Amino acid sequence: MSSKTFKLSALATFIMAATHANAALYRVVEIEQPSGTEAYGSAIQTGTTSCFTSDCGTGTDYLLAGDTLEGTMGFSYKQEVPFNYDNGFYILDQDDLETYCGSELGYNTCESWAYYQWYGIDGAGGLYREREAWDLGTYTSNATAFINDSGLSTTSSVSSPDPDEDPQGSTSSPESSTKNIVINALAGTTPVGNTSSGYFDLSGNYALTYRNRGFYGSTLLLPYQDSSIVETMGRTMAFDTFTYGGSTYAVGSAAVAVFDYTDSDKDYEGDLDTCASSSTPAALEACQNIAFAQKAYYWDVTSASGTSLTGEVAVDWHSSVTSSNLDEESAEAGIRGVALAAASDDYDYDGLPVMVGFNSEYDSSDDNIMMEAAVFYPASTSSFAVGPEAWSSVFISNAKLQDGDDYIYSNSIAKDINENLLVIGESKRETAESGAYNNRLFVADASTGSPSASYFSGGIFFTGAGGEVNAINNYNEIVGQIDAETHREESGKKRRRRGFIYPYNGTNSDSTRMAVFGNQAWLLDDLTNGGTYSSDNNEYRIFNAADINDAGVIAASAFKCSGGYNSTAHFATCDSDEEVVAVKLVPISGTSSSDIVERADSDSSSSSTSRSGAGFGWIGIMLLGFFSLRRKFA
């Protein structure tokens, strides 16, 4: 890690009345990771007692789960297809990464962006080491998972390569410290996430049996079982859990068919035609980067106690998708979140599991399988029982990719849902908006059975702002990250981002909790400034909020300047080495909106300027920019 210094640019801002008071709303509590160069908060244990009214101290009652990274991932370990975009699986190498960047991101720094995605950072991570592991004869884990300050159990089948997954049956050597493991959720204290198989040494060649398998605790969640390459190498992912009818289920996605291996444009290091017919495909170099068509899946984990479990398809693809592969593209679907609907006279899903994610629809006029945000409703409200295809899929209007015959988005996804059936998600712009191919953030009311996306706007959600929306609790408090600079990304450089919280005013929103935030959205850094913990909090700048529970505790990721930044400003400089760390943001009991001390823009600013935001109906200032310190791949 190196010290980051930079020249601050002068940026104009709209100024509202600044608020000066004496306390932060959140205490920043760092989680010391057991290993890894950088640590990211991913999930927080559930909790219901409000920390805004009860003293939660440092949040020890709520476990934080996270991941460490040594370098770039190349392709995310948490997405079914590269960038939620490439279901043709054509992005194979550095040149393809640069092409994707140019067409979908528009940066003038795409050559550099692609280089770091391919080769990693300081000799760690990167897609190259994964794709070339066969010939390199070596690979070291890029991602590890932890809960609080402890790693996952080393005796778990999740943590080390399983000899039973040997590509050759029993003659290869499983190599330790070669798995990539990430956590997506906590079911109580049980981690839920994705792991790779780890690598096996085949006489000097490193072979990977599968890139992703979902897990629940120490139990692996298997793909469709058909005695083919899908069963051997098929991918799965797990993102959430629910309990219904006395049983507990994990949900996510699972491979059901291999991609179109007859398409030679997908070949990397050999002819893929050899893979489907081989009895040991994972032992072949050409098959190391094979991929799959996937469906939304669930697994009954009630009695999970290690080893592995089979699952079932939760919902089929859209009826327009008549085959797993059409025109060299693969149909894809997955579940990201699930909630049991609260009792209400306004809808028919009381107590039933409603799920969200994405599903595939086929555009025959353009020969394109579209991946679109969807809500998965129980197919029957009067006699629902968990079973194969027990849910029906409804696409979220206004988040569909096409407007008439025109494509306005390249992909969209719903990422979480709460018991009020409020859904949050993202739509990736196909064409630039205000100088950016931005990832737009939305909320949708799923209680009516006809969800429609309403996009965040105003204040910190300025026109053209992009980001991630990651979690919503049952108080309708939404967290994620949002662009914190407004320069043009199209033919420019990537904008830096910061974490946010948005107390959305919707069904069953709590007026008292909303009032704590002044009924508006905020950059989280403005809520960690001032008061008793201001000096300690000043070591951190929050760049992502991944999860929030009903107690108000947030799992987040931050830049850390040991000893503190040079001022409390948003853009304050750091004179020491800077780190990326996982943190809990714990509400400080008894605080209110009058305690918020908004940060100045930079070290030289003489006073605070309002950087509070708004959403639907809230009028605030437009954030024109500030700088955060970021690793190239953060």
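Near Glu433, the amide H atoms lying under 5 Å from its own belong to Asn438; only residues 5 or more places off or on other chains count, and H is placed 1.01 Å from N.
Converting phi to 3J(HN,Hα) with the Karplus coefficients 6.51, -1.76 and 1.60 and the offset θ = phi - 60°, region 81-96 yields 10, x, 6, 6, 10, 8, 7, x, 6, 9, 7, 10, 9, 4, 4, 5 Hz in sequence order, with x at every glycine or proline.
Pairs exceeding a 28 Å alpha-carbon distance, out of Lys266/Lys493; Lys428/Lys493; Lys179/Lys494; Lys179/Lys493; Lys415/Lys494: Lys266/Lys493; Lys179/Lys494; Lys179/Lys493. Computed from point charges on the beta carbon alone (+1 for Lys and Arg, -1 for Asp and Glu), the dipole magnitude for the chain about its Cα centre is near 2160 Debye. For Asn289, no residue 5 or more places off, or on another chain, has a built amide H under 5 Å of its own.
Applied to region 225-234, the Karplus parametrisation 6.51 cos²θ - 1.76 cosθ + 1.60 on θ = phi - 60° returns per-residue 3J(HN,Hα) values of 9, 9, 6, 10, 4, 4, 5, 7, 10, x Hz, with x for Gly and Pro.
Its Cα centre serving as origin, region 482-549 has a Cβ charge dipole (Lys and Arg +1, Asp and Glu -1) of approximately 260 debye.
Taking the centroid of alpha carbons for each part, region 21-42 and region 527-554 are 7 Å apart.
Sites listed here are chymotrypsin sites (Phe, Trp or Tyr not before Pro) in region 352-455 whose DSSP assignment is loop and whose Cβ has at most 11 other Cβ atoms within 10 Å, and the list is empty. For region 325-484, the normalised intensity computed at q = 0.11, 0.12, 0.16 Å⁻¹ comes to -0.45, -0.53, -0.90 (log10 of I(q)/I(0), Debye sum over alpha carbons, equal scatterers, no solvent).
Length, then width, then depth: along the principal axes, the Cα atoms of region 274-400 run 57, 47, 20 Å. Under the combined filter of DSSP loop state and at most 13 neighbouring Cβ atoms within 10 Å, region 235-306 retains none of its chymotrypsin sites (Phe, Trp or Tyr not before Pro). Cys residues of the chain that find no other Cys beta carbon under 4.7 Å: none at all. Between Leu136 and Ser592, the simple label model (points 7 Å from Cα in the Cβ direction) yields a spacing of 5.7 nm. Candidates Leu441, Ile31, Ser594 compared by Cα position along the dipole of the chain: farthest toward the positive end lies Ser594, with charges placed on Cβ. Candidates Gly188, Asn205, Gly217 compared by Cα position along the dipole of region 131-289: farthest toward the positive end lies Gly188, with charges placed on Cβ. For region 115-235, the Kirkwood hydrodynamic radius from C-alpha pairs, put into Stokes-Einstein at 20 °C and a viscosity of 1.002 mPa s, yields a diffusion coefficient of 143 µm² per second.
So if the hydrodynamic radius of region 450-530 is defined as the Kirkwood radius over C-alpha pairs, what does Stokes-Einstein give as its diffusion coefficient at 20 °C and 1.002 mPa s, in µm² per second? Could you put the intermediate results ahead of the total?
Working: Rh = 13.8 Å.
Roughly 155 µm²/s, to the nearest whole number.
With runs of 4+ DSSP H residues as the only contributors, calculate the mean residue ellipticity of the chain at 222 nm using -39,500 (n - 2.57) per run, divided by the residue total and rounded to the nearest 500.
On the way: 8 runs with 46 residues, N = 634.
Calculated from helices alone, the mean residue ellipticity at 222 nm is -1500 deg cm²/dmol.
Dividing the alpha-carbon radius of gyration of region 397-436 by the rule-of-thumb value 2.2 N^0.38 Å gives 1.36.
Taking N as the number of residues in region 302-348, what value does Rg over Cα atoms divided by 2.2 N^0.38 Å take? Please report the intermediate quantities before stating the final value.
On the way: Rg = 16.9 Å, N = 47, 2.2 N^0.38 = 9.5 Å.
Ratio of Cα Rg to 2.2 N^0.38 Å: 1.77.
By the Stokes-Einstein formula, at 1.306 mPa s and 10 °C, region 210-315 with its Kirkwood radius over alpha-carbon pairs has D equal to 110 µm²/s.
Given the convex hull over the Cα atoms of the chain, what projected area results after averaging over all orientations, in nm²?
Details: hull surface 102.5 nm².
For the chain, averaging the hull's shadow over all directions gives 25.6 nm².
Throughout, read-outs are computed from the coordinates displayed, never taken from laboratory work. Because the structure is predicted, anything quoted here is derived from the model rather than measured. Neighbour counts run over all protein chains shown; Cβ positions are idealised from the backbone, glycine included.
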